[in-house]
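The values are calculated or read from the model by the stated rules, or taken from the named source; none is laboratory data. Predicted model only: the values in this text are computed from it and were never measured. Note that each Cβ is placed from the backbone with ideal geometry, even for glycine, and that neighbours are counted across all protein chains shown. We work out accessible area using only protein heavy atoms, side chains counted, and drop any ligands, DNA or RNA first. Shrake-Rupley method; radii C 1.70, N 1.55, O 1.52, S 1.80 Å.
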Amino acid sequence: MTHDHDLVLRPTEAQISAALNPPPGRNGGDLVVETLAGLGATTVFGLPGQHALGMFDALRRSDLRYIGLRVENNAGFAADAYGRITGEAAPLLLSTGPGALTSLAALQEAAAASAPVLAISSQIPTAGLGGGRHGYLHELPDQSASFRGVVKSVHTVRTQSQIPSAIEAAWKSALTAPHGPVWVEIPQDVLLAPTLIPVVTGGDAFPEELPPRPELTAVAADLLSRAERPAIIAGGGVVRSDASGKLRQLAEVVRAPVVTTPGGKGAFPWRHPLSLQSWIEDRHTTDFLEDADVLLVVGSGLGELSSNYHTFKPRGRVIQIEADLGKLESNHPALGIHADARLALQALLETVSPRQDEEAPGRVREVLARVSERLAAQELTLEQELLASVRRALPASSPSFWDMTILAYWAWSAFDAKGPNLLHSAQGAGGLGYGFPAALGAAVADPSRPVLAVSGDGGALYSIAELATARQYDLNVTWLIVDDGGYGILREYMTDAFGQATATELSRPDYVALAESFGVPGVRTTPSALADDLSKALASPGPSVVVLPAVLRMFAPTHLGSD
């Protein structure tokens, strides 16, 4: 008796001949790029270094497109965005030691946001592995230990025959829900040594699926069907699993109002009658959610930003669908369903009974009106008008990438993303410098539409070198820099807490002149001219910079007990 899994495809005579007679001049680096191509990769990001030269030399013999950035961390942000836009595992090629470690902040953001990044680093020669102090350049006692607490999985290669399987395993890990960054490291001598291993011609690129347990979705469907006041919180897992359509269907069937978290921006239509938009950082919204007798949380761990700084205390029954097992019930007791959001929502749609509730849209309008009244009392016209200007200028299908800056914090709550997977920020890990290099990665992924990056001047200085990258590859990115002469949000936090700010002020270069020195056109704008200047820049092919000198304020927080 022969089982299907016992069947092995027999190679053709041509494949046998190619395997017996591999082309000359290949090394371990060729096995890396051949495996990536076999898995379906078309583009790699990175920065060369001495130990990694075998990989970079092999790129010359491959069809992979290489996008080189000026700083490893920025290359990581670009790969992160490429993975978010395409849904593919974005290869990131790095060198040993300092080059590898410089990518850590970007990999932390990819992990927090579930962005699939396949980082492949060189290592010191094999003889130096094992923790001894041999004195190799870039040597660390255990390089992989620096990444274990950041990435999903770590894969250390010691021989050339291990390369294809290690990269394939890492690829699957990156793309299995929850998506995330993975780490592969290969010693310098393994990359440089000539190889007689046959050309890698394919690979299993299919990740493992994560379906829900049917007994749990049956209970969840029953709870939603019998609920009197259901509500839904949609997080980044809905966006990553491409489940926005199923979320909308379920919300309409059970008549449940939906609020999206900062990571879930665009997962539910902004103007839908059941949309509470993204005002989760507001007591009126969290009061409404606390009153729900059944609260469905999809693709969110209800962390700090998604729980109004842990002041949110649901009183009803919570159902939590989450692909990251560590986040399941980590903040609130719930009916925890460990599953990919798309598969779990589909299971609920197949078993839930429709509800009738004609009053739900009215309750949504009432909450949004209270939010609007709260903001109107704070004289924040400038901030709201700037956000509206950005929305008018940005084409509806264009993605935007936001650094950790005051205008971005406004965008988390108040910006209509116009659809899923179109607004991205560094809200996962909260590091500076994300916006511009991430936008470059998105422009590489889809050059057919303009991309917007938004930074403060503090965050802009983290990635200013990538103006050279934007120009070199002629990437279609417009970079809006809001220049307030310092770390604006920290200035505000410190002034509120201590009466004055320390270490928040920055000297102000001429960003327009700086951009033009890279061959990138720049313009200085004003709040009243922002929409027009931004529209013109976005409509012009290639990179551009728009500088807005402005000091912005945040809306008053509600998690501290104020109204």
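What is the dipole size for region 441-557, taken about its Cα centre, with +1 at each Lys and Arg Cβ and -1 at each Asp and Glu Cβ, in debye to the nearest 20?
Charge dipole of region 441-557: 120 debye, to the nearest 20.
Gln277's amide H: which non-local residues (gap 5+, or another chain) put their own amide H closer than 5 Å, with H modeled 1.01 Å from N in plane and none for Pro or chain starts?
When sequence neighbours closer than 5 places are left aside, the close amide H contacts are Thr260.
Among Gly28, His51, Gly40, flag the residue with its Cα farthest along the positive direction of the charge dipole of region 26-98, charges on Cβ as +1 for Lys/Arg and -1 for Asp/Glu.
Of the candidates, His51 comes out farthest on the positive side.
Magnitude of the Cβ-charge dipole of the chain, K/R +1 and D/E -1, about the Cα centre, nearest 20 debye?
Working: 42 positive and 60 negative charges, 65 e Å.
Once rounded to the nearest 20, the dipole reads 320 debye.
Which one of Gly522, Thr381, Thr351 has its Cα pushed farthest toward the positive end of the charge dipole of the chain, where Lys and Arg give +1 and Asp and Glu give -1 at the Cβ?
After comparing all options, I get Gly522.
Local charge sum around Ala438 (other residues, Cβ-Cβ under 11 Å, Lys/Arg +1, Asp/Glu -1)?
Summing Lys/Arg as +1 and Asp/Glu as -1 gives -3.
Nearest 500 deg cm²/dmol is fine: what mean residue ellipticity at 222 nm does the chain get from its DSSP H runs of n ≥ 4 alone, each adding -39,500 (n - 2.57), divided by its residue count?
-11000 deg cm²/dmol
Once you sort the root eigenvalues of the Cα gyration tensor of region 213-325 as a ≥ b ≥ c, which label holds: rounded (a/c under 1.5), prolate (a/b larger than b/c) or oblate (the other case)?
rounded
Add +1 for every Lys or Arg and -1 for every Asp or Glu among the other residues with Cβ under 12 Å from the Cβ of Leu36, and state the total.
Details: positive: Arg65; negative: Asp30, Glu34, Asp63, Glu88, Glu168.
With Lys, Arg at +1 and Asp, Glu at -1, the neighbours total -4.
Which whole-number value in Å² is the accessible area per residue of region 452-503, probe 1.4 Å?
Averaged over the residues of region 452-503, the accessible area is 38 Å².
Describe numerically, in nm with one decimal, the distance between label points set 7 Å from Cα along Cα→Cβ at Asp510 and at Ala465.
Placing both labels 7 Å along Cα→Cβ, they lie 2.5 nm apart.
Between Thr311 and Leu382, with labels modelled 7 Å along Cα→Cβ, what's the label distance in nm to one decimal, could you check?
For Thr311 paired with Leu382, the spin-label model returns 2.5 nm.
What does the extension gain come out to for Glu208 and Thr526, with contour length at 0.36 nm per residue minus their alpha carbon separation?
109.5 nm is the gain from fully extending Glu208 to Thr526.
Heavy-atom accessible area of Tyr409 with all protein chains present, probe 1.4 Å, nearest 10 Å²?
Accessible area, nearest 10 Å²: 30 Å².
Could you work out the relative contact order of the chain, using alpha carbon pairs under 8 angstrom and six or more residues apart, expressed as a whole percent?
On the way: 1279 pairs, mean separation 71.6, N = 563.
Across the chain, relative contact order equals 13 percent.
Want the number for His332 to Ala503: 0.36 nm per residue separation, take away the alpha-carbon distance, what's left? Can you show the working numbers first?
Details: separation 171, 0.36 × 171 = 61.56 nm, distance 3.73 nm.
Contour length minus the Cα-Cα distance gives 57.8 nm.
Show me, for region 342-348, the HN-Hα J-couplings you get by feeding each phi into the Karplus relation (A = 6.51, B = -1.76, C = 1.60, θ = phi - 60°), rounded to Hz, glycine and proline as x.
Values per residue, Gly and Pro as x: 5, 5, 5, 5, 4, 5, 5 Hz.
Could you give the length gained on full extension between Gln249 and Thr12, defined as 0.36 nm per residue of separation minus the Cα-Cα distance, in nm? The partial results should precede the final answer.
Details: separation 237, 0.36 × 237 = 85.32 nm, distance 4.80 nm.
Length gained, Gln249 through Thr12: 80.5 nm.
What part of the accessible area of region 63-208, given as a whole %, is carbon or sulfur when the probe is 1.4 angstrom?
On the way: 2890 of 5230 Å².
Carbon-and-sulfur percentage of accessible area, whole number: 55.
Kindly state, to the nearest 0.05, the FRET efficiency for Arg553 paired with Asp222, given R0 = 41 Å and r defined as their beta-carbon distance. Spell out each step's value before the answer.
Details: r = 47 Å, r/R0 = 1.14.
Between Arg553 and Asp222 the formula returns 0.30.
Hey, what do the phi angles of region 316-332 turn into as Karplus ³J(HN,Hα) couplings, whole Hz, using 6.51/-1.76/1.60 and θ = phi - 60°, x for Gly and Pro?
Karplus-based 3J(HN,Hα) across region 316-332 equals x, 7, 9, 10, 10, 9, 8, 7, 8, 4, x, 8, 5, 6, 6, 10, 9 Hz.
Heads up, I need the accessible area for Tyr493: 1.4 angstrom probe, whole protein in place, Å², nearest 10.
Taking all protein chains as shown, Tyr493 has close to 120 Å².
What are the ³J(HN,Hα) couplings of region 243-252, residue after residue, when phi is run through the Karplus curve with 6.51, -1.76, 1.60 and θ = phi - 60°? Round to Hz, x for glycine and proline.
The phi angles translate into 10, 4, x, 5, 4, 4, 4, 5, 4, 6 Hz.
Could you state the accessible area per residue of region 138-290 in Å², with a 1.4 Å probe and every protein chain left in place?
So region 138-290 comes to 38 Å² accessible per residue, rounded to a whole number.
List the residues whose amide H sits under 5 Å from the amide H of Ala453, counting only those 5 or more places along or on another chain, with H placed 1.01 Å from N in the peptide plane.
Long-range HN contacts for Ala453: Phe401, Thr478, Trp479, Leu480.
Out of residues 5 or more away from Gly180 or on other chains, whose amide H comes under 5 Å of its own, with H placed 1.01 Å from N in the peptide plane?
Val117
Can you tell me the orientation of helix 214-226 relative to the chain, as the angle in degrees between its alpha-carbon axis and the longest Cα principal axis, to the nearest 10?
The helix 214-226 is inclined about 20 degrees to the chain.
Helix 381-393: angle to the longest alpha-carbon principal axis of the chain, degrees 0 to 90, nearest 10?
50 degrees
Tell me which lysines have Cα within less than 23 Å of Lys418's Cα, excluding those fewer than 8 residues away on the same chain?
Of all the lysines, those that pass the test against Lys418 - Cα under 23 Å, at least 8 places apart if same chain - are Lys246, Lys265, Lys536.
With +1 assigned to the C-beta of every Lys and Arg and -1 to the C-beta of every Asp and Glu, and no other charges, what is the dipole magnitude of region 201-338 about the Cα centre in debye, to the nearest 20?
Values: 14 positive and 18 negative charges, 78 e Å.
The calculated dipole for region 201-338 is roughly 380 debye.
Could you tell me the calculated FRET efficiency between Met494 and Ser353, based on Cβ-Cβ distance and R0 = 45 angstrom, to the nearest 0.05?
0.30
According to the square roots a ≥ b ≥ c of the eigenvalues of the Cα gyration tensor, what is the shape class of region 41-142, taking rounded for a/c under 1.5, prolate for a/b larger than b/c otherwise, and oblate for the remainder? Don't skip to the answer; put the middle values down first.
Values: a/c = 2.34, a/b = 1.45, b/c = 1.61.
Oblate, since a/c reaches 1.5 and b/c is not below a/b.
I'm a student and want to see the number: the projected area of the Cα convex hull of region 371-518, averaged over all directions, in nm².
Numbers: hull surface 39.5 nm².
So the Cα hull casts an average projection of 9.9 nm².
Report, please, the projected area of region 263-415 averaged over directions, based on the convex hull of its C-alpha atoms, in nm².
That works out to 10.4 nm².
Measure nothing but the geometry: give the 0 to 90° angle between the long axis through the Cα atoms of 360-376 and the longest principal axis through the Cα atoms of the chain, rounded to 10°.
The two axes meet at around 90 degrees.
Send over a whole-number figure in Å² for the accessible area per residue of region 317-368, probe 1.4 Å.
Counting only protein heavy atoms, the per-residue value for region 317-368 is 48 Å².
In region 229-272, carbon and sulfur make up what percent of the accessible area (probe 1.4 Å)? Walk me through the numbers before you get to the answer.
Working: 500 of 1190 Å².
Using a 1.4 Å probe with all protein chains present, region 229-272 comes out at 42 percent carbon and sulfur.
Leaving out ligands, DNA and RNA, and with a 1.4 Å probe, what % of the accessible surface on region 419-563 is carbon or sulfur?
Carbon with sulfur: 56 percent of the solvent-accessible area.
Rank Ala145, Ser397, Gly97 by how far each Cα sits towards the positive end of the charge dipole of the chain (+1 on Lys, Arg Cβ; -1 on Asp, Glu Cβ) and give me just the farthest.
Of the listed residues, the answer is Ser397.
Can you give the net charge of the other residues whose Cβ lies under 11 Å from the Cβ of Ala205, counting K and R as +1 and D and E as -1?
With Lys, Arg at +1 and Asp, Glu at -1, the neighbours total -2.
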